[in-house]
Amino acid sequence: MQNPRIIPVNESSLLICFGEVIHEDVHARVTQAKASIEANPFPGFVETVPAYTSLAVYYNPVEVEKKNDSASTTVLQILQQLLEINNTDHLFTNGAQIELPVCYDPLFAPDLTATAEALKLSVEELINIHAGKIYKVFMIGFTPGFPYMGTVDERIFTQRKTQPRLKVEPGSVAIAGNQTGIYPFATPGGWNIIGRTPLLLFDRNRSNPFLLKAGDEVKFKQISKEEFETLSMVHTEQSRSNNE
């Protein structure tokens, strides 16, 4: 197993790099390190932020108990020791397994037909391939709650749109490259929209606003337009109740 590289970023953060390619095993090492550091916080530790192949570690340099000339060197040595202790070929996941309902009706999937044609698949084949796999949430970014998930079956690898939309509807499920994602808000977007979920990816009225986190595993479940409307009303009403 390749040893991770630890790179100082600035006076209050370091970056631990585990590889160069997007892969579930590499990401498992990211989430494993995140869990280990958070279970053994050092003085001055603030938070960790996972990405595809790396983990950013933030700290308060004033609170670090310096054993060297700089707080950065001290934290680097602490992380090296912690990673050596947890250096194992046994990779575990600590994310939740979540089933997300998705409606692939053309009303909610403006790019579904064109994407299927470009991939030389039928619409049904594209839907079945997309919904037939469990996806790892690699990281949250772009907007609050947007999950970058993968990897999709190579039969539905696709390019981003040459002309991004100025507005993508909230809940839109999309694919681009070897990834799939969900737009939590009405934002511009260049991924191919093939469906929509009635669930709220980000809801400030929940105790934890984020529906998903890095390390979770997502399975899409196809639902009808009628089921979408019903679930959408239920979750919208639930959000309003939480705000009262």
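The values are calculated or read from the model by the stated rules, or taken from the named source; none is laboratory data. Just so we're clear, the structure is a prediction, and the values are computed from it rather than from any experiment. Here the Cβ positions follow ideal geometry from the backbone for every residue, glycine too, while neighbour counts run over all protein chains shown. To get the accessible areas, we keep the full protein, side chains included, count just its heavy atoms, and leave off ligands, DNA and RNA. Shrake-Rupley method; radii C 1.70, N 1.55, O 1.52, S 1.80 Å.
I'd like to check one number: the per residue accessible area of the stretch 204-244, probe 1.4 Å, reported in Å² as a whole number. Mind dumping the intermediate values first?
Numbers: 2820 Å² over 41 residues.
Result: 69 Å² of accessible area for each residue.
Hey, what do the phi angles of the stretch 197-206 turn into as Karplus ³J(HN,Hα) couplings, whole Hz, using 6.51/-1.76/1.60 and θ = phi - 60°, x for Gly and Pro?
So the J values, rounded to whole Hz, are 9, x, 6, 8, 5, 9, 9, 5, 8, 8.
What list of ³J(HN,Hα) values in whole Hz, one per residue of the stretch 8-17 in order, does the Karplus curve 6.51 cos²θ - 1.76 cosθ + 1.60 (θ = phi - 60°) give from phi, with Gly and Pro shown as x?
Computed from phi, the couplings for the stretch 8-17 are x, 9, 7, 6, 9, 7, 10, 10, 9, 10 Hz.
Per residue of the stretch 74-83, what does 6.51 cos²θ - 1.76 cosθ + 1.60 with θ = phi - 60° give for ³J(HN,Hα)? Whole Hz please, x for Gly and Pro, Karplus curve as stated.
Once rounded to whole Hz, the list reads 4, 5, 4, 5, 4, 5, 4, 5, 5, 5.
Taking the Cα centre of the stretch 14-123 as origin and charging only Cβ (+1 Lys, Arg; -1 Asp, Glu), how large is the dipole, in debye to the nearest 20?
That gives a dipole near 220 debye.
Does the stretch 180-221 come out rounded, prolate or oblate by the C-alpha gyration tensor, with a ≥ b ≥ c the root eigenvalues, rounded set by a/c under 1.5 and, if not, prolate when a/b is larger than b/c and oblate if not?
On the way: a/c = 1.86, a/b = 1.30, b/c = 1.43.
Taking the square roots of the gyration eigenvalues as a ≥ b ≥ c, the stretch 180-221 is oblate.
Can you sort ASP25, ASP69 by solvent-accessible area, 1.4 Å probe, largest first?
Of ASP25, ASP69, the descending order of accessible area is ASP69, ASP25.
Please list log₁₀ I(q)/I(0) at q = 0.17 Å⁻¹ for the stretch 1-42, using the Debye equation with identical point scatterers on the alpha-carbon positions.
-0.52
Calculate the dipole size of the chain relative to its Cα centre from +1 charges on Lys and Arg beta carbons and -1 charges on Asp and Glu beta carbons; express the result in debye to the nearest 20.
360
Could you state the principal axis extents of the C-alpha atoms in the chain, from the largest down, to the nearest angstrom?
Extents along the principal axes, in whole Å: 62, 47, 34.
Quickly estimate the mean residue ellipticity at 222 nm for the chain, helices only: each DSSP H run with n ≥ 4 gives -39500 (n - 2.57), and the total goes over all residues, rounded to 500.
Result for the chain: -8500 deg cm²/dmol, rounded to the nearest 500.
What pairs in LYS34/LYS136; LYS133/LYS167; LYS136/LYS221; LYS34/LYS213 have C-alpha atoms more than 23 Å from each other?
Values: LYS34/LYS136 16 Å; LYS133/LYS167 28 Å; LYS136/LYS221 15 Å; LYS34/LYS213 12 Å.
Violating the 23 Å limit, Cα to Cα: LYS133/LYS167.
Would you please give the residues with an amide H less than 5 Å from that of PHE157, counting only those at least 5 places away or on a separate chain, with H modeled from the backbone geometry?
Amide H neighbours of PHE157, under 5 Å, 5+ apart: none.
Against the longest alpha carbon principal axis of the chain, how many degrees, from 0 to 90 and to the nearest 10, is the axis of helix 24-39 turned?
50
Does the stretch 52-156 come out rounded, prolate or oblate by the C-alpha gyration tensor, with a ≥ b ≥ c the root eigenvalues, rounded set by a/c under 1.5 and, if not, prolate when a/b is larger than b/c and oblate if not?
Because a/c hits 1.5 or more and a/b exceeds b/c, the stretch 52-156 counts as prolate.
Carbon and sulfur atoms: what percent of the 1.4 Å accessible area of the stretch 14-113 do they account for?
Of all accessible area on the stretch 14-113, carbon and sulfur atoms account for 50 percent.
Quick one: Kirkwood hydrodynamic radius for the stretch 77-215, alpha-carbon pairs, angstrom, one decimal? Write down the numbers at each step before the final one.
Values: mean 1/r = 0.0616 Å⁻¹.
The answer is 16.2 Å.
Taking Cα atoms, how many degrees apart are the long axis of helix 225-243 and the longest axis of the chain, rounded to 10 and kept between 0 and 90?
With rounding to tens, the tilt is 50 degrees.
Quick one: with all protein chains in place, what share of the accessible area of the stretch 116-213 is carbon or sulfur, to the nearest percent (1.4 Å probe)? Display every interim value, and only then the final one.
On the way: 2420 of 4560 Å².
Percent of accessible area from carbon and sulfur atoms in the stretch 116-213: 53.
Give the peptides 8-17, 173-182 in descending order of average Cβ contacts within 10 Å, highest first.
Numbers: 8-17: 15.5, 173-182: 21.5.
Going by the mean number of other Cβ atoms within 10 Å, highest first, we get 173-182, 8-17.
I'd like the distance between the alpha-carbon centres of the stretch 126-154 and the stretch 19-63, rounded to an integer number of Å.
21
Using a 1.4 Å probe and counting only protein heavy atoms, arrange VAL102, VAL26 so the residue with the most accessible area comes first. Before the final figure, lay out each step's value.
Working: VAL102 0, VAL26 25 Å².
The ordering from most to least exposed comes out as VAL26, VAL102.
What is the magnitude of the charge dipole of the stretch 104-244 about its Cα centre, with +1 placed on the Cβ of each Lys and Arg, -1 on the Cβ of each Asp and Glu, and no other charges, expressed in debye to the nearest 20?
On the way: 16 positive and 16 negative charges, 93 e Å.
Magnitude of the dipole: close to 440 debye.
Would you mind working out the accessible area per residue for the stretch 1-81, using a 1.4 Å probe, and quoting it in Å²?
Solvent-accessible surface per residue comes out at 53 Å².
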